[in-house]
Amino acid sequence: MSHNIAVIPGDGIGNEVMPEGVRALEAAAHRFNLDLSFSEFEFASCDYHERHGKMMPDDWRDQLGGMDAIFFGAVGMPERVPDHISLWGSLLQFRRAFDQYVNLRPCKLMPGIKSPLAGRAPGDIDFYVVRENTEGEYSSVGGRMFEGTDREVVIQDTVMTRTGIDRVLKFAFDLAMTRPRKKLTSATKSNGISITMPYWDERVVEMAKGYPDINVDKFHIDILTANFVLHPDWFDVVVASNLFGDILSDLGPACTGTIGVAPSANINPEGHFPSLFEPVHGSAPDIFGKGIANPIGQIWSAAMMLEHLGHVDAGKAMVEAIERVLAAGPENAPLTPDLGGKGTTSELGEAVAEAIKAG
Ligand code: NAI
Ligand code: MG
């Protein structure tokens, strides 16, 4: 089976880490005999915007819609193009047009990385945050009335649909089924938000009936954030609405150390549209051009992409290779400065690619 992958480096260090992501994919393709073909696109970048006055060509959906996946770097150069234009004009368009209703982020403490949480070692933190990515609190229902007067009023409604909740819950339960602990935690706030959140809880109970092997629990979002810090070892798969998931999907990876390694996926699970895989970090204008950006977030995103495309062994092998290189430490591996080493982006990328090939 062959896969057509759209490669979009974007801006800043996206251009530096992307070649390492592709190199790692080529190493995995070689070892696991995968047929990957890459098509690079220069749009969704501020360079493109400067030349064309927009972030993407009008036919971007046609150009990308037939791809099997989108491998993305980072977008944004706030000195040149305001962030609301660069991000809304590219990444957020993909998420909507391609109905990428699951935002998935692994939160895993890797060897050789110090957690900001005292006394935590690899193995203590290893869970996923599954965020609903299309509705919920981030709706465009509402408005502003009596603007500029004493009666000024603003309203923004939360929109939760049965379809929207059930499909993200199904993804999360299915993911939990693939994990040894088979545990699912739901983020709620049904004690305060008394209409939508009790409905969310009802749908969780309903979905759980189809998954008798999954151990389900729930926490209100306030104590849940505290427990991410106090007891990260309690969690396996955490599922949340758009707003709660947004918060948890930054807090979770933050508990596992450097932003340079964290990956993410925006998924359309049915495969009606391509899913998008990208590191959590942005374009890092402060280090762009120095050749010291950590490529591991991009490479780990590539591993998630292979798992999504059905090559679970290849994806796992890539993550294991990352773990081996990190575990070697700055004395024995060319780790980048954010990991306490003196390595460059391409040296670290090459080390991971070699580790993937070596198996
Ligand atoms: P950022 O993630 O680009 O950088 C934050 C800090 O982390 C910086 O000090 C940077 O040097 C460091 N850092 C980030 N990635 C690193 C890596 N791979 N290796 C070593 N250090 C790394 O976030 P910031 O500065 O807030 O945003 C810069 C631009 O990126 C903005 O235009 C922002 O909108 C955009 N952005 C884009 C995202 C995306 O494409 N999904 C996500 C986050 C921000
Ligand atoms: Mg966020």
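All told, L248 falls short of being surrounded by 24 or more Cβ atoms within 10 Å (Cβ to Cβ), within 30 Å of T163 (Cβ to Cβ), within 11 Å of ligand 1 (Cβ to nearest atom) and aliphatic (A, V, I, L, M).
Being away from ligand 2 (no atom under 16 Å from the Cβ) and either within 28 Å of F94 (Cα to Cα) or of a type outside the set (K, R) (or both) narrows it down to one of A254, A226, A240, so name that one. If you could, list the steps in order and put the result at the bottom.
On the way: A254 fails: away from ligand 2 (no atom under 16 Å from the Cβ); A240 fails: away from ligand 2 (no atom under 16 Å from the Cβ).
So the residue among A254, A226, A240 that is away from ligand 2 (no atom under 16 Å from the Cβ) and either within 28 Å of F94 (Cα to Cα) or of a type outside the set (K, R) (or both) is A226.
Could you check region 257-279 and list, in sequence order, the residues that are within 16 Å of ligand 2 (Cβ to nearest atom) and either among the hydroxyl-bearing types (S, T, Y) or crowded, with 20+ Cβ neighbours inside 10 Å (or both)? A262, P263, S264, A265, N266, L276, E278, P279, listed by residue number.
Determine which member of the set S301, S283, S275, S264 is among the small types (G, A, S), within 30 Å of C46 (Cβ to Cβ) and touching a Lys or Arg at 6+ places or on another chain (Cβ under 6 Å). Lay out the reasoning, then the answer.
Values: S301 fails: touching a Lys or Arg at 6+ places or on another chain (Cβ under 6 Å); S283 fails: touching a Lys or Arg at 6+ places or on another chain (Cβ under 6 Å); S275 fails: touching a Lys or Arg at 6+ places or on another chain (Cβ under 6 Å).
Unique residue meeting the criteria: S264.
In the condition set (1) crowded, with 17+ Cβ neighbours inside 10 Å; (2) at pLDDT below 95, R23 is compliant with all but (2). Residue pairs whose Cβ atoms lie under 8 Å apart, sitting 6 or more positions apart in sequence or on different chains, and linking a residue in region 25-45 that is closer than 14 Å to G10 by Cα to a partner that is in a loop (DSSP other than H, G, I, E, B) and β-branched (V, I, T), are A44/V75; S45/V75.
Quick one: which residue in S264, S249, S241 is touching a strand residue (DSSP E or B) at 6+ places or on another chain (Cβ under 7 Å), hydroxyl-bearing (S, T, Y) and more than 22 Å from P180 (Cα to Cα)?
Working: S264 fails: more than 22 Å from P180 (Cα to Cα); S249 fails: more than 22 Å from P180 (Cα to Cα).
It is S241.
Which is surrounded by fewer than 17 Cβ atoms within 10 Å (Cβ to Cβ), modelled with pLDDT of 95 or more and not hydroxyl-bearing (S, T, Y), of V229, V239? Explain how you work it out, then say what you get.
Values: V239 fails: surrounded by fewer than 17 Cβ atoms within 10 Å (Cβ to Cβ).
When all the criteria are applied, what remains is V229.
Taking region 286-308 as the range and being under 26 Å from P78 (Cα atoms) and surrounded by fewer than 23 Cβ atoms within 10 Å (Cβ to Cβ) as the test, the residues that pass are D286, I287, F288, G289, K290, G291, I292. Suppose the filter is within 13 Å of the chain's Cα centre (by Cα), of a type outside the set (A, V, I, L, M, F, W, C) and not assigned by TED's automatic domain parsing to the domain that holds M197; does S346 pass it? No; evaluated as a whole, the condition is false for this residue. Checking every residue in region 142-164 against the condition of being out of contact with any Phe, Trp or Tyr (no Cβ under 7 Å at 6 or more places or on another chain), in a helix (DSSP H, G or I) and either surrounded by fewer than 18 Cβ atoms within 10 Å (Cβ to Cβ) or outside the structural domain of V238 (by TED's automatic domain parsing) (or both) gives at least one match. Contact annotation: residue pairs with Cβ atoms under 7 Å, 6 or more positions apart or on different chains, pairing a residue in region 140-162 that is among the charged types (D, E, K, R) with a partner that is in a strand (DSSP E or B), are R144/V154; D157/G142.
Taking the numbered list (1) under 19 Å from I296 (Cα atoms); (2) surrounded by fewer than 18 Cβ atoms within 10 Å (Cβ to Cβ); (3) of a type in the set (F, W, Y) in turn, Y138 passes all entries but (1).
The values are calculated or read from the model by the stated rules, or taken from the named source; none is laboratory data. Because the structure is predicted, anything quoted here is derived from the model rather than measured. A quick note on method: Cβ atoms are made from the backbone with ideal geometry, for glycine too, and the neighbour counts reach across all protein chains shown.
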